[in-house]
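Since every read-out is calculated from the coordinates, none of them should be taken as a lab result. Given the structure is predicted, the values throughout are model-derived calculations rather than measurements. Glycine also receives a Cβ, built like all others from the backbone with ideal geometry; neighbour counts cover every protein chain displayed.
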Amino acid sequence: MTEPREQPFSTEIQAADAPGALGRAAELLGQAQLVALPTETVYGLAADARSAGAVSRIFEAKGRPAGNPLIVHVDSVEMAQRCVAAWPSAAGKLTKAFWPGPLSLVLPKAGLIPDIVTAAGATVAVRAPAHPVMRGVLAECGFPLAAPSANRSCHVSPTRAEHVVDQLGGRIPLVLDAGPCAVGIESTVLDLTGDTPTILRPGSISLGQLQSVLGQVETAGPATDTGPAKSPGQLSRHYSPRAKLILGSDPTAALGQADETTHIIAREPAPSAWQGGQWHQLPDDPDGFAKELYNTLHRCDRAGAGLIQVQLLPDGPEWDALRDRLNRASAGV
Ligand code: TXA
Ligand code: MG
């Protein structure tokens, strides 16, 4: 048997607002092809969620382990209900409060969704994204779209079309470009299949927001890399740039030792004595920081960074999702 070719496509980047762009994307998706599409969180790599053949191309293009399930994107509660076998009252309350938006709900899966989407598990994650381009493509398709983040497995998620091309160029036929993503980090993943709703992956919909709708909500304990993963995105090393990434309380700690391949990501300006490395100042609020973080990590990769040193984030629940991503990006280095 021959291996699939690494670069079977000449990847086209099309402006999402160009005439016919959404129709072109829907046409390819209807032919079991992959299209990278913007969502409000990060760019996703979409395929027809009903088609095992189409979804297998996602795993191939990303180099994603078959044991890591995909989120199914829908344009309505009705479409979500076709993908799941149960719709508890909590799902009704949450979708009323947060959909369309960055919240993925894990529920028992329906027969419409093939096993490859859920890594053979009995549950499926569903989310209605808010981005008008993704919503437009879903409406043209009329079927749900399985879409992980449009990066190679374990790398940093893309928040701009060029990040997708850096990682998946040659592996997919089309990227719709709608500029930078508004949120910048992936959705909150909430498991509704247990006794207590449990956050499997923190995101911009916070524990407090979920508790205000549901009352009791828990956060999953730290994942291990050895036991069976409830949500494989919880494996410790994930969301990583190519360079080694370290977290430290003092962003100027590298002063005097930094060379031009050292990159500092901080929430304050470089000190006047700063020399050597590249200093990236990000906003000092969680929303602003989230919006810029992945773009900055991609820029570090593009610049050939050898070491990325990120200033520790403040305490406080509003930084939880970002702390989670940076801890994973720095794990095992
Ligand atoms: O914001 C997002 O969620 C983006 C955009 C494109 O929608 N998507 C995204 O997908 O981040 P992905 O595949 O990169 O991450 C999906 C996460 C993984 O941690 C996966 O393990 C978890 O959701 N997941 C998916 N289905 C699951 C299931 N049935 N049970 C538990 N975890 C699940
Ligand atoms: Mg991902």
Quiz item: If R0 is 51 Å, what FRET efficiency do you get for residue 218 and residue 281 from their C-beta distance, rounded to 0.05?
Solution: 0.90
Quiz item: Give me the Kirkwood hydrodynamic radius of the chain in Å, from all C-alpha pairs, to one decimal place?
Solution: 20.3 Å
Quiz item: Label-point separation (nm) for residue 110 and residue 11, each offset 7 Å from Cα along Cα-to-Cβ?
Solution: 3.3 nm
Quiz item: Nearest 10 degrees, 0 to 90: what angle lies between the long axis of helix 52-62 and the longest principal axis of the chain (Cα atoms)?
Solution: 10 degrees
Quiz item: Once label points are set 7 Å from the Cα along Cα→Cβ at both residue 27 and residue 247, what is their separation, rounded to one decimal in nm?
Solution: 4.7 nm
Quiz prompt | Neighbourhood charge, 11 Å Cβ-Cβ cut-off, centred on residue 210 and excluding it, Lys, Arg +1 and Asp, Glu -1 | solution = 0
Quiz item: Contour minus end-to-end for residue 97 and residue 139, with contour as 0.36 nm per residue of separation and end-to-end as the Cα-Cα distance?
Solution: 13.0 nm
Exercise. Whole Å is fine, so just give me how far the alpha carbon centre of segment 39-93 lies from that of segment 299-333.
Key: 27 Å
Quiz item: lysines within cross-link reach of residue 244: Cα-Cα under 25 Å, excluding same-chain residues under 8 positions apart?
Solution: 62, 291
Quiz item: How many nm separate the modelled label positions at residue 209 and residue 196, each set 7 Å beyond the Cα in the direction of the Cβ?
Solution: 2.2 nm
Exercise. Pick out, from 297, 168, 180, the residue whose Cα sits farthest towards the positive end of the charge dipole of the chain, with +1 on the Cβ of Lys and Arg and -1 on the Cβ of Asp and Glu.
Key: 168
